[in-house]
Protein chains: 2
Amino acid sequence: MTELRSKQKRIRIGPFSFKEFTKVVTRFHGFPAPGVILGGIMVNAALKKMPSGILFNALSETAKCLPDAVQLLTPCTAGNGWLQIRNLGRFALALYDKKTGKGIRVSLAPSRIEDFPELKNWYYKLIPKEEADTERLLASIREGGSSLCRIQEIHIQPEILLKVKRGKRIICPQCQEAYPDGGRGSCPACLGESPYE
Amino acid sequence: MTELRSKQKRIRIGPFSFKEFTKVVTRFHGFPAPGVILGGIMVNAALKKMPSGILFNALSETAKCLPDAVQLLTPCTAGNGWLQIRNLGRFALALYDKKTGKGIRVSLAPSRIEDFPELKNWYYKLIPKEEADTERLLASIREGGSSLCRIQEIHIQPEILLKVKRGKRIICPQCQEAYPDGGRGSCPACLGESPYE
């Protein structure tokens with residue numbers, strides 16, 4: 001009973017309880033992915049360290065799971081340009097002031113990962129996904145909560161802050177669709193980057 | 001009165017009325033962006049052409065607005081890997097069968113763009129954003145509805161269908177964080193791709 005209670009630790013993830021956030025994740029992401037739920041705890045930790053009232057952008061260092069935690073808990077989405085996804089393979093994210101580039105990066109604290117065997121197996125991919133005990137993994141994430149987070153102050157590279165002004169939109173002579181003029185005569189898709197056969 | 005009524009055409013965008021979808025977009029995207037609302041009509045048109053009961057992925061040919069329409073109306077999100085965003089600069093998207101790669105691409109019908117001056121100004125960026133009449137643009141999008149869509153059958157490139165098996169996760173000797181082993185000795189961020197100063 002004591003053990004059960006300690007596992008059912010009360011934590012908040014943004015405006016949600018742990019259980020509520022699990023439902024929100026399931027609705028958006030399709031299933032209660034441990035990466036999105038842990039990501040929610042990380043985003044929450046970053047939000048708490050950000051000065052209030054500033055406009056911020058987000059950067060995810062992986063395309064897996066974390067972008068959805070950012071989209072569910074901040075105003076930053078893939079489509080509004082305030083969330084940037086970089087495929088660096090690290091399970092970490094940053095929120096930063098749109099103007100100054102000053103912000104907070106959150107990753108997992110290596111020492112804490114050691115305290116939770118299921119989390120360790122998941123983070124380092126020590127066992128195949130199918131063999132993972134998802135329920136225990138989620139219980140570890142809930143139990144660890146914000147103590148799992150390693151928090152760093154960062155400055156984003158200045159060139160990331162620059163708003164790229166795309167050229168005028170012109171019509172591609174091959175596909176007849178509008179695209180930002182890059183001076184190459186046709187749109188990128190018609191110049192070999194088409195994702196279609 | 002007649003003109004007003006014709007502008008208030010009843011259309012459905014997924015499970016939503018036009019007005020409901022505008023609210024859903026505002027909540028997620030931050031404001032009722034014409035690109036996301038038009039994107040919703042395009043996603044809806046694609047969904048209607050897809051065979052029922054199949055598992056599908058999505059591909060957006062632009063990072064602007066369209067990814068959010070996909071995320072709001074399909075199970076595909078940036079973080080679950082079912083939505084791929086390619087920066088080809090074309091305002092178009094595709095939904096395709098995860099297994100066969102067969103699917104539907106939706107772009108804007110050039111002939112219909114000519115029928116709506118506000119839409120034309122927006123699509124070809126003929127006037128600065130600040131000078132655009134957003135209300136009239138949204139009325140045009142509503143009035144045009146699915147007739148604005150150009151629908152094509154496509155086959156996605158086979159290599160896009162392949163699931164990339166990332167290597168084992170190892171610890172980067174520089175930042176001490178886990179990343180998928182690419183045989184380069186350190187993680188991409190420590191090898192010069194860091195977004196931070």
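Return the total of residues in the stretch A:47-66 being among the hydrophobic types (A, V, I, L, M, F, W, C) and away from every other protein chain (no Cβ under 14 Å). Outline the logic, then answer.
Here is the first cut: in the stretch A:47-66, the ones among the hydrophobic types (A, V, I, L, M, F, W, C) are A:47, A:50, A:54-56, A:58-59, A:63, A:65-66.
So of that shortlist, the ones also away from every other protein chain (no Cβ under 14 Å) come out as A:47, A:50, A:54.
Number satisfying all stated conditions: 3.
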Given the conditions (1) of a type outside the set (S, T, N, Q); (2) at the interface with another protein chain (Cβ under 8 Å from one of its Cβ atoms); (3) touching a residue at least 40 places away in the same chain (Cβ under 8 Å), every one holds for B:ILE85 apart from (3)
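Would you check if A:LEU138 is surrounded by 14 or more Cβ atoms within 10 Å (Cβ to Cβ) and modelled with pLDDT of 95 or more?
Working: surrounded by 14 or more Cβ atoms within 10 Å (Cβ to Cβ): yes; modelled with pLDDT of 95 or more: yes.
So A:LEU138 fits the description; yes.
Any residue at all in the stretch B:89-105 that is more than 12 Å from chain A (Cβ to nearest Cβ), within 12 Å of the chain's Cα centre (by Cα) and closer than 25 Å to B:LYS48 by Cα? Break it down into steps so the answer makes sense when it comes.
Of the stretch B:89-105, the ones more than 12 Å from chain A (Cβ to nearest Cβ) are B:95, B:97-99.
From the residues that got through so far, the ones that are within 12 Å of the chain's Cα centre (by Cα) too are B:95.
Going one step further and asking which of them are closer than 25 Å to B:LYS48 by Cα, we end up with B:95.
Yes - at least one qualifying residue is present in the stretch B:89-105.
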For the stretch A:23-30, does any single residue satisfy the condition of being over 15 Å from the mean Cα position of the chain (by Cα), modelled with pLDDT of 95 or more and closer than 24 Å to B:ALA189 by Cα?
no
Being among the aliphatic types (A, V, I, L, M) and modelled with pLDDT of 95 or more is the filter here; which residues of the stretch B:148-168 pass it?
B:LEU148, B:ILE151, B:ILE154, B:ILE156
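Where in the stretch B:108-197 are the strands (runs of 3 or more DSSP E), entirely inside, with at least 2 residues that are within 13 Å of chain A (Cβ to nearest Cβ) and touching a residue at least 12 places away in the same chain (Cβ under 8 Å)? Working first, answer last.
Working: elements: B:149-155, B:169-171, B:178-180.
Fully inside the stretch B:108-197 and qualifying: B:149-155.
Yes/no matrix, rows are residues, columns are (1) within 21 Å of A:LEU59 (Cα to Cα); (2) surrounded by fewer than 18 Cβ atoms within 10 Å (Cβ to Cβ); (3) outside the structural domain of A:PHE116 (by TED's automatic domain parsing):
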| position | (1), (2), (3) |
| --- | --- |
| A:SER147 | no, yes, no |
| A:GLN157 | yes, yes, no |
| A:GLN174 | no, yes, yes |
| A:GLU177 | no, no, yes |
| A:GLY183 | no, yes, yes |
| A:PRO188 | no, no, yes |
| A:LEU191 | no, yes, yes |
| A:PRO195 | no, no, yes |
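The values are calculated or read from the model by the stated rules, or taken from the named source; none is laboratory data. No experiment lies behind these values; they were computed from the predicted model shown. We place every Cβ from the backbone using ideal geometry, glycine too, and count neighbours over all the protein chains shown.
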